[in-house]
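For reference, the structure is listed below as structure tokens.
The values are calculated or read from the model by the stated rules, or taken from the named source; none is laboratory data. No experiment lies behind these values; they were computed from the predicted model shown. Please note: Cβ atoms are built from the backbone with ideal geometry, for glycine as well, and neighbour counts cover all protein chains shown. Accessible surface is based on the protein model in full, side chains and every heavy atom, while ligands, DNA and RNA are left aside. Shrake-Rupley method; radii C 1.70, N 1.55, O 1.52, S 1.80 Å.
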Amino acid sequence: MMEKSIPDSKKNKAAINWRGVITGVFLFLVLALLTLGLLQANRGLLKVGEPAPDFVLNTFDGDQIDTSELRGQVIVVNVWASWCTTCVYEAVELEQAYQMYRDRGVVFLGVDWSDTETKALEYLQRFGITYPNGPDLAGRIYRDYRLKGVPETFIIDSAGRLSSVKIGAYASLEEIVQAIEFALDS
Amino acid sequence: MRKKINTAACCFIVVIMSFAVVRASAQEGQPTDDDVNAIAKQLYCPVCENTPLDVCGTQACIDWRVEIRQKLTEGWSEEEIIQYFVDRHGMQVLVQPPAEGFYLFIYIVPPLILFMGILILMCAVRGWRKHVPVESPGLSPDEQDFYMTRIEDELRRRQDDA
């Protein structure tokens, strides 16, 4: 009976191709890095119903407002800049809405993005804005709320979830009122 | 007459020079556009992507440049002004982030990818060259015997089955 074993020279071919493995791992890492970057860039906007990220606003008046301590209240977060030409269209209406709702427990917060303090204060004075406003330090709020520009307004309901997201300026006071009423009802 | 003209000319020159001195002393301490731009070009525009502050014409950048000028006038140093903008607007405003922490990746990853890419390409080219005209070494006599025996066994088995 003849022994039918594979010769040694054939066995050597089963040895690991290290060059191929290293190349494969490297290509995988590069692709993983690119995928992560793309996913990060295309996270999209925050959606209604999602939990609103908490933040601390250091106001121009020197106060510190932590949104996590405002749970149970409706919060209107308006992100703006003094150089933003669209922001001026809703500035007066937002202040009017604040005056209407301040006694009903609705909190208004103005977040000033990529601005200089001098110009921001001039803007607030020009439109007679009295609700708390402060700079978005290091652009954290802009990043956490995944903004694409200014103005954008987020209304957070009493449970801390986003009740409405407005990209661009509100067209009228009625539109603001409608959005706040919806948040108060939900 | 000539002496009078010379005297008048000297007086004229002295007056002109004194104006220049007054003007120079008035500007002393005031930052020039170059001073402002030296800092501005180290920062990115917050609105336009990848546009340095010194060449951007948006209102946001104009305001930022005014702020830089203001800080320079107040005696702030270049480092202090840049740190002020980083604290206020985040590390992303820097044209050249510091080579530390997470930002170290920016300096390491691209050259590494380039290096590995060149290495892979070199290996691939070497592999292609090696494989083109090479003749097959064929089987050793031992291997030939082994396979021939197996073929003959197989043929014999089939004949027996038939």
Tell me which residues come under 5 Å, amide H to amide H, from residue A:55 once H is placed; ignore anything under 5 positions away on its chain. A:67, A:68
What nm value, rounded to one decimal, do you get for the distance between residue B:100 and residue A:23 when each label is placed 7 Å out toward the C-beta? 4.1
Need one number: % antiparallel among DSSP beta bridges in chain A, to the nearest 5. 60
Checking A:39, A:70, A:173 against a Gaussian network model of chain A (alpha-carbon springs below 10 Å), the top fluctuating residue turns out to be A:39
Restricting attention to the alpha-carbon atoms of region B:27-162, what are Rg (one decimal) and Dmax (integer), both in Å? 34.8, 114
Nearest-0.05 FRET efficiency for residue B:122 and residue B:37 at R0 = 56 Å, using Cβ-Cβ distance, is 0.80
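Could you work out the local net charge near residue B:123, counting Lys and Arg as +1, Asp and Glu as -1, over the other residues with Cβ closer than 14 Å to its Cβ? Provide the component values of the computation, followed by the final result.
Working: positive: A:19, B:126, B:129, B:130; negative: none.
The answer is +4.
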Under 13 Å from the Cα of residue A:166 - aspartates and glutamates, other chains or at least 8 residues apart: A:90, A:152, A:175
Coil-residue GluC sites (Glu not before Pro) of region B:53-162, DSSP, other Cβ within 10 Å capped at 11: B:74, B:100, B:135
Calculate the length of the line joining the C-alpha centroid of region B:70-113 to that of region A:135-157, in whole Å. 22
At what distance in angstrom do the alpha carbon centres of region A:62-92 and region A:103-118 lie from each other? 3
Figure the gain on full extension for residue A:88 and residue A:159 (residue separation times 0.36 nm, minus the Cα-Cα span) and round it to one decimal in nm. 22.5 nm
Computed on protein heavy atoms with a 1.4 Å probe, what is the summed buried accessible area for the chain pair B and A, in Å² to the nearest 100? 2200
How far apart, in nanometres, would the label points at residue A:121 and residue A:71 be if each is projected 7 angstrom from Cα along the Cα-to-Cβ direction? 3.6
Considering chain A, what Rg and Dmax in Å follow from its alpha-carbon atoms? 27.0, 104
